[in-house]
Amino acid sequence: MDPALIWLIAAGVLAVAEIFTLTAALGMLGAAALATAGSAALGLPLPLQFLVFTVLAAISLFFVRPVAARHLLKPEAERFGVDALVGRPAYVVSEVTGLGGRVRIGGEEWTARAYDETLVIPRGTTVDVMEINGATAVVYPRE
């Protein structure tokens, strides 16, 4: 069997394996195998093919993969607007039930309702904002 074909099969197997693992490592090895298939098609002897694969794999794994991983693991974008209120503490101004109530979030007063509709949250309780639904804060009492 032609060495170029073997390298192409190896590149394909590594590419498919990369799809299932999403580590970028197998994708880099697949790219190195693909380039080595090109060098095998040009007639490079087998020891030089292994050298090409080794050099390309090492370069991609040690230099390219860390850069790619840094870009994939970006910190979460800054939340703003009502999305920034989710997870913040709030202070119950008037009793909150599953039907309604009022809370103070960061100096602003909001209409609110309890996350668990069976709860009655008394005035003065500190709650967490679970979500914002329109102009209503959905809250749950802190433990």
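For the condition within 30 Å of MET130 (Cα to Cα), touching a Gly at 6+ places or on another chain (Cβ under 9 Å) and buried (at least 17 other Cβ atoms within 10 Å of the Cβ), what is the one hit in VAL96, VAL92? Break it down stepwise before answering.
Values: VAL96 fails: touching a Gly at 6+ places or on another chain (Cβ under 9 Å).
So the residue among VAL96, VAL92 that is within 30 Å of MET130 (Cα to Cα), touching a Gly at 6+ places or on another chain (Cβ under 9 Å) and buried (at least 17 other Cβ atoms within 10 Å of the Cβ) is VAL92.
Of the residues that make up segment 21-29, is at least one within 30 Å of THR111 (Cα to Cα) and either free of Cβ contacts under 8 Å to residues at least 40 places away in the same chain or of a type in the set (Ser, Thr, Tyr) (or both)?
no
Can you tell which of GLY87, GLY38 is modelled with pLDDT under 95 and open to solvent by less than 40 Å² (accessible area, probe 1.4 Å)? Let's see the steps before the verdict.
Numbers: GLY87 fails: open to solvent by less than 40 Å² (accessible area, probe 1.4 Å).
None of the other options fit; the residue is GLY38.
Based on what the data block shows, is VAL82 exposed (fewer than 14 other Cβ atoms within 10 Å of the Cβ), assigned to a helix (DSSP H, G or I) and among the β-branched types (Val, Ile, Thr)? Spell out how you get there, then give the answer.
Numbers: exposed (fewer than 14 other Cβ atoms within 10 Å of the Cβ): no; assigned to a helix (DSSP H, G or I): yes; among the β-branched types (Val, Ile, Thr): yes.
It is false that VAL82 is exposed (fewer than 14 other Cβ atoms within 10 Å of the Cβ), assigned to a helix (DSSP H, G or I) and among the β-branched types (Val, Ile, Thr).
Cβ-Cβ distance below 7 Å, separation of 6 or more or different chains: which pairs start in segment 58-73 with a residue that is within 16 Å of LEU22 (Cα to Cα) and end on one that is modelled with pLDDT under 85 and not in a helix (DSSP H, G or I)?
What qualifies is ARG65/ALA24; ALA68/ALA24; ALA69/ALA24.
Using the structure shown, decide if LEU14 is surrounded by 14 or more Cβ atoms within 10 Å (Cβ to Cβ) and without any contact (Cβ under 8 Å) to a residue 40 or more places away in the chain. Walk me through how you get there before you give the answer.
Values: surrounded by 14 or more Cβ atoms within 10 Å (Cβ to Cβ): yes; without any contact (Cβ under 8 Å) to a residue 40 or more places away in the chain: yes.
Yes; evaluated as a whole, the condition is true for this residue.
Of all residues in segment 111-123 being under 25 Å from GLY81 (Cα atoms) and touching a Phe, Trp or Tyr at 6+ places or on another chain (Cβ under 9 Å), which is surrounded by the fewest Cβ atoms within 10 Å (Cβ to Cβ)? Spell out how you get there, then give the answer.
Within segment 111-123, the subset under 25 Å from GLY81 (Cα atoms) is 111-116.
Those still in the list that are touching a Phe, Trp or Tyr at 6+ places or on another chain (Cβ under 9 Å) too: 114-116.
Values: ALA114: 23, TYR115: 19, ASP116: 12.
The residue in question is ASP116.
The values are calculated or read from the model by the stated rules, or taken from the named source; none is laboratory data. Bear in mind the structure is a predicted one, so any value in this text is a computation, not a measurement. For neighbour counting, all protein chains shown are included, and Cβ atoms are generated from backbone atoms with ideal geometry for every residue, glycine included. The protein model used for the area step is the full one, side chains on, heavy atoms only, and it has no ligands, DNA or RNA in it. Shrake-Rupley method; radii C 1.70, N 1.55, O 1.52, S 1.80 Å.
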